[in-house]
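This report refers to the structure that appears directly beneath it.
The values are calculated or read from the model by the stated rules, or taken from the named source; none is laboratory data. Since we're looking at a predicted model, the values are computed, not measured. Ideal geometry is used to build each Cβ from the backbone, glycine not excepted, and the neighbour counts take in all protein chains shown. Side chains are part of the model used for accessible areas, which takes the heavy atoms of the whole protein and leaves out ligands, DNA and RNA. Shrake-Rupley method; radii C 1.70, N 1.55, O 1.52, S 1.80 Å.
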Amino acid sequence: MRAAVLSSHGVDGLDVVEHPDPAPAPGEVLVRVETVGVNQLDLNVIAGRGPGAAAKLPRVLGLDAAGVVVAVGRGVDPARLGEPVVVKPNIACGACAACARGREADCPAQTVVGVHRDGGAAELVAVPAKNALARGGIPAAIATAAVHSLPIVLNAIETAGVVAGDRVLVTGAGGTLGRAATALAAHFGAEVVAASRSSLEASELPEGVTSIAATDASALRAQLAERHPAGFDVVIDVSGHGPTLGAGVAALAWGGRAVFCAAVSDRTLELDTLEFYLRRKRLIGVASADYAQVRRALDLVASGAVAPLVGVRHPLAEIGRAYRGFADSPPGKVIIDVS
Ligand SMILES: [Zn+2]
């Protein structure tokens, strides 16, 4: 099969080459891939840094493939052959206390497709059967755009306990995760303010969402204090930027919850600890999702409640170009068309 194989760190170490076909182990399915996404985590794998440092090379990249089941391993229902599926990248261990509670997002032993094992930037990928979720009539590119980002922000929203009428601030709202968080919070009836570095077009935002453009964290802090003095019930930060999270925590109302869910570019977080304590604030980290949340996220897509935005598309042969241009790509999920 053709596969995007990283054989040494750096984008120059990535090549689309002939690679042996994977075979499904017991409990796994083999998926013929149609699409896979380009993710920040791939760039960490390519650079060999942060959570990407766990990848042993050579490694086939690709977290969030969508395609069709073409073979099943021992113990998997053969009725799944021909099923359109999308791959949930995080594989829970299935044996720990978090997994036993159905909180697989909190499993400390989870591994990731395309990091700890070969991924789906290839014509074929083998994954545990439980990680290949039925996507029904959702087109492959839409399922790829949804499966990684949407469940993470759904987890953030559910963990924060967002209910209709809550005032919710999304920071980092211009990116893929931010757009998903904004759309979901609005869908659940929250009063949403979307904050980003550059101004977002009203036409890009769900109805009723207002936006704030602030070039840095101190400008954001000042604008929030001036325009929203009552504060927010929930802040969802997907900026990956400590000072921005700090501005969000400062803008929380009494009993407010801040959820942080993005790989960090600036790890410094300054907190007014006395105010944090006296105003009963909470700060929560969310980095993946439970299987049930992935299912719920796909159901929201299937019902039309949220529509993931597909951005630039590249053929598999040009995946290197997709990674080189990732930082400057226009809004929407960058998709690799494998077949
Ligand atoms: Zn576990």
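Accessible surface calculations at 1.4 Å, restricted to protein heavy atoms, place region 7-57 at 47 Å² per residue. Taking the accessible area of region 151-285, probe 1.4 Å, and keeping the other protein chains in place, the carbon and sulfur fraction comes to 52%. Taken about its Cα centre, region 245-290 carries a charge dipole of about 200 debye when Lys and Arg each add +1 at the Cβ and Asp and Glu each add -1 at the Cβ. Using C-alpha pairs under 8 Å with a sequence gap of at least 6, the mean separation divided by the residue count of the chain gives a relative contact order of 18 percent. Please state the relative contact order of region 142-195 as a whole percent: Cα pairs under 8 Å, 6+ residues apart? Relative contact order comes out at 40 percent. Projecting the Cα positions of Thr111, Phe188, Val125 onto the charge dipole of the chain (unit charges on Cβ atoms of Lys, Arg, Asp and Glu, taken about the Cα centre) puts Thr111 furthest along the positive direction. For trypsin sites (Lys or Arg not before Pro), the sites in region 46-95 that DSSP calls loop and that have at most 12 other Cβ atoms within 10 Å are Arg49, Lys56, Arg74.
When the trypsin sites (Lys or Arg not before Pro) in region 205-314 are filtered for DSSP coil states and for at most 13 other beta-carbon atoms within 10 Å of their beta-carbon, the remaining sites are Arg267, Arg280. Dipole of region 151-285, Cα-centred, from +1 at each Lys and Arg C-beta and -1 at each Asp and Glu C-beta, to the nearest 20 debye? Around 280 debye, computed over region 151-285. Computed over Cα pairs, the Kirkwood radius of the chain leads via Stokes-Einstein (1.002 mPa s, 20 °C) to a diffusion coefficient of 105 µm² per second. When the chain is described by a simple charge dipole with +1 on each Lys and Arg Cβ and -1 on each Asp and Glu Cβ, the residue from Ala25, His148, Ser7 located farthest towards its positive end is Ala25.
Highest GNM mean-square fluctuation among Leu63, Leu271, Leu245, for the chain modelled with Cα contacts below 10 Å: Leu271.
For region 13-144, the Cα gyration tensor yields ellipsoid semi-axes of 21, 20, 14 Å (square root of five times each eigenvalue, largest first, whole Å). Projecting the Cα atoms of Leu63, Leu43, Val249 onto the dipole axis of the chain, where Lys and Arg carry +1 and Asp and Glu carry -1 at the beta carbon, places Val249 farthest toward the positive end.
May I ask for the longest run of the chain untouched by GluC sites (Glu not before Pro) that are loop-located per DSSP and have at most 16 neighbouring C-beta atoms (other than their own) within 10 Å? In the chain, the maximal stretch lacking such sites is 1-200. Relative contact order for region 238-292: 43 percent, from Cα pairs under 8 Å spaced at least 6 residues apart, divided by residue count.
Think of each Lys and Arg Cβ as +1 and each Asp and Glu Cβ as -1; about the Cα centre, that makes the dipole of region 212-285 roughly 260 debye.
Lys-Lys pairs in the chain that are eight or more residues apart or on separate chains and whose Cα atoms lie under 28 Å of each other come to 6. Each listed q (0.09, 0.12, 0.16, 0.17 Å⁻¹) maps to a log10 I(q)/I(0) for region 151-285, found by the Debye formula over equal Cα scatterers with no solvent: -0.21, -0.37, -0.69, -0.79.
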